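**Student:** This structure is in structure tokens; I'll ask about it shortly.
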Amino acid sequence: PEYGGCELGRVGFRYNGATDRDRDGCEDAQEDLDDDDDSFVDIEDGCPNQFGTASEGVQIGCPDFDGDGWADLEDDYIIDPSQWRDTDEDGYGDNVSGTDGDACPTIPGGSIEDRLGCADSDEDGWSNPDVQWAVSQGADAFPMDSSQWADRDGDGYGDEADGYQADACPDQSGTSI
């Protein structure tokens, strides 16, 4: 059957699945600028023959399952709309305010207690102190000792009673053991 609808349509154009995949009445090869009808013109659409809503990154116009704007092809978290990238590949997303947000998105780490995804040399869950995160803010006071991480009185002895060189008086600075 004759199938029309394009202003500049070719005279005698006949619709079939190969010449008009989106069935909009325009011949895909000659006059249809958006073959998948997703509002992204084919020349900019990363997936010109597949409907998609992605509007961020390189693959605009491709499917975006979680609706975060990033195409599933580029999204490290295709079912979490609050995350899309994990630059350091430590399992925590770069968007610090999203689900399991990485406080150190470019440095891989496994800290989970004071902040997520930062370096944790002794693997006790508390992140190593750095120029942006001090012991007074919650960083590990003993980054090379997994049995201690806090020192409330700042005397060099850890607050964890069962840890190495535990402080008998964690709220009163002193040097006795």
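**Student:** Amide H of Asp20 versus every other amide H placed in the peptide plane: which residues, excluding those fewer than 5 positions away on the same chain, fall under 5 Å?
**Tutor:** Residues meeting the criterion, in which the H sits 1.01 Å from N, are Asp28.
**Student:** Given H placed on each backbone N at 1.01 Å, which residues far from Gly93 in sequence or on other chains put an amide H within less than 5 Å of it?
**Tutor:** Placed amide hydrogens put Asp102 under 5 Å from Gly93.
**Student:** Ordered by residue, what ³J(HN,Hα) values in Hz, to whole numbers, does the range 167-173 give under the Karplus form 6.51 cos²θ - 1.76 cosθ + 1.60, where θ = phi - 60° and Gly and Pro are x?
**Tutor:** Whole-Hz 3J(HN,Hα) from phi for the range 167-173: 7, 5, 10, x, 9, 9, 5.
**Student:** Sticking with this one: How big is the range 126-177 on each of its three principal axes, counting only the C-alpha atoms and giving the largest first in Å?
**Tutor:** Principal extents (largest minus smallest coordinate, Cα): 32, 19, 12 Å.
**Student:** Counting only residues 5 or more places away or on other chains, whose amide H sits under 5 Å from the amide H of Gly158 once H atoms are built in the peptide plane?
**Tutor:** Amide H neighbours of Gly158, under 5 Å, 5+ apart: Asp167.
**Student:** Of the listed peptides 76-83, 142-149, 115-122, 128-135, what is their order by residue-averaged count of other C-beta atoms within 10 Å, with the highest listed first?
**Tutor:** Going from most to least packed, we get 115-122, 142-149, 76-83, 128-135.
**Student:** Which of the peptides 98-105, 158-165 is most tightly packed, and how do the rest follow, going by the mean number of other Cβ atoms within 10 Å of each residue?
**Tutor:** Ranked from most to least packed, the peptides come out as 98-105, 158-165.
Bear in mind these aren't lab numbers, they're just calculated from the coordinates by the rules spelled out. Worth saying up front: this structure is predicted, and the values here are computed from it rather than measured. As a convention, Cβ positions derive from the backbone with ideal geometry for all residues, glycine included, and neighbour counts pool all protein chains shown.
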